[in-house]
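The values are calculated or read from the model by the stated rules, or taken from the named source; none is laboratory data. Just so you know, these numbers come straight off a predicted model, no measurement behind them. Here Cβ is always computed from backbone atoms with ideal geometry, including for glycine, and neighbour counts include all displayed protein chains.
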């Protein structure tokens, strides 16, 4: 068979992650398929399940799998006779008495000749270009690799969707927790304003204290509408991801709305070599190279002659009663070849172009592997860095809360001025907001890590790629044979 059999290209895969020594990381194989369950958050699990069944973008990727199955079945048919037809017909001929065909006959014969006659015919025709050099078999290889590529594309869409749902959900919970923080600080600052007012009315301080307290309170209150807007917009983004209207989203958001998902104490990241098996985009790049490798063989087959068999058999007669008699049989068979031996370099340059595309695909695969490793390293660094930052910010929040308590006591006793109260309350709000944001960053880094590892995709998945109601609609409209079954036949 013309052409080179494909083998996975070499790629530079590190033996270990750069941050493998961190106590929060383990190189044991993580629970890839249901990684979001490590958060123990029912709302997150419900959202990801809903996205898997209702997301329209994922549905499009799944439908491309069925399209590729159909195209593969079509290409497989090229191994057999490319033309197989049944034909039949009837014709009635009435020749002119003055036509040359009649006039050239001797007069008695011409006068006796019946110039009107009927013709009935039925038969079968077949033509077959033999796959002598493997042109069609290489085409099947390319179509099969394209199917695998679309399967990996579905996996990539699934991994991306799950990661986007989780990241958006974490952003929602972050905003909701920041809203609760802002409302708590509004209550604290309202009490501070009341105390400053009492002290001003009793002549213990100037109006400056009350105006400073009011300014801080109004500034904190102004955060609340902004956070409400962000929460609403984030819910809208979630509804788009899960394929539901915003009004239906609340049914999925259960539990404490002011609590961020709790991240696992230890993050399992496996080893870099698993990326070649786990990452769907790496698998997609590999299958693109496999398909392009097969297309080189398809192009090279044009360097050699194509051999063809053709023939037709049938019956022809001037009446239906005589149509199927043995004397009415007609047939023809041919064998031939066609060789583009002189095409002024067109075939060779088409082969060269396919070879260059194959080399591009190899480079694309190697780049996908390197990029996958980079994304995992970035996510791991982001996770460990956010964990360290969160520990420091948690201590800062504790100190800020204690400082507010002391400042209020000292201000009430007249030991310090209101500027100290103002500064401590302002920093408390800032510290609490930053701590919440950092905890959100930790959770988002966990999501990014599992997404970079290809979590959520099972390479051995053998189920339906779209919901059952969609498959039923397609089956009602078109005869799909067994292509819509999990095994996916070729008829």
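Could you go through the range 219-242 and let me know if any residue there is part of a loop (DSSP other than H, G, I, E, B) and touching a residue at least 60 places away in the same chain (Cβ under 8 Å).
no
Does the range 148-167 contain any residue that is touching a residue at least 24 places away in the same chain (Cβ under 8 Å) and more than 19 Å from the chain's Cα centre (by Cα)?
Checked against the condition, which is being touching a residue at least 24 places away in the same chain (Cβ under 8 Å) and more than 19 Å from the chain's Cα centre (by Cα), the range 148-167 yields no hits at all.
Do we find a residue being more than 29 Å from residue 438 (Cβ to Cβ) and at pLDDT below 85 anywhere in the range 252-265?
So far as the range 252-265 goes, no, none of its residues is more than 29 Å from residue 438 (Cβ to Cβ) and at pLDDT below 85.
Can you tell me which condition residue 344 does not meet? The list is (1) out of contact with any helix residue (DSSP H, G or I) (no Cβ under 8 Å at 6 or more places or on another chain); (2) within 30 Å of residue 35 (Cα to Cα); (3) assigned to a loop (DSSP other than H, G, I, E, B), and all the others hold.
Condition not satisfied by residue 344: (2).
Based on this model, can you work out whether residue 420 counts as in the same structural domain as residue 37 (by TED's automatic domain parsing), without any contact (Cβ under 8 Å) to a residue 24 or more places away in the chain and outside any loop (DSSP other than H, G, I, E, B)?
Yes.
Would you say residue 409 is in the same structural domain as residue 175 (by TED's automatic domain parsing), in a helix (DSSP H, G or I) and over 22 Å from residue 227 (Cβ atoms)?
Spelling it out, residue 409 is indeed in the same structural domain as residue 175 (by TED's automatic domain parsing), in a helix (DSSP H, G or I) and over 22 Å from residue 227 (Cβ atoms).
Any idea which of 466, 415 is at pLDDT below 90, more than 16 Å from residue 181 (Cα to Cα) and in contact with a helix residue (DSSP H, G or I) (Cβ under 9 Å, 6 or more places away or on another chain)?
None of the others qualify; the one that does is 415.
Return yes when residue 216 is surrounded by 14 or more Cβ atoms within 10 Å (Cβ to Cβ) and touching a residue at least 24 places away in the same chain (Cβ under 8 Å) and no when it is not.
The answer is yes for residue 216.
Being over 15 Å from the mean Cα position of the chain (by Cα) and in a loop (DSSP other than H, G, I, E, B) is true for just one of 144, 131. Which residue is that?
131 is the lone residue from the list that is over 15 Å from the mean Cα position of the chain (by Cα) and in a loop (DSSP other than H, G, I, E, B).
Would you pick out the residues in the range 313-338 that are over 16 Å from residue 118 (Cβ atoms) and exposed (fewer than 12 other Cβ atoms within 10 Å of the Cβ)?
Selection gives 326, 327, 331, 332, 333, 334, 335, 336, 338.
Could you list, in sequence order, the residues of the range 431-484 that are surrounded by 14 or more Cβ atoms within 10 Å (Cβ to Cβ), closer than 29 Å to residue 261 by Cβ and without any contact (Cβ under 8 Å) to a residue 60 or more places away in the chain?
431, 434, 435, 438, 441
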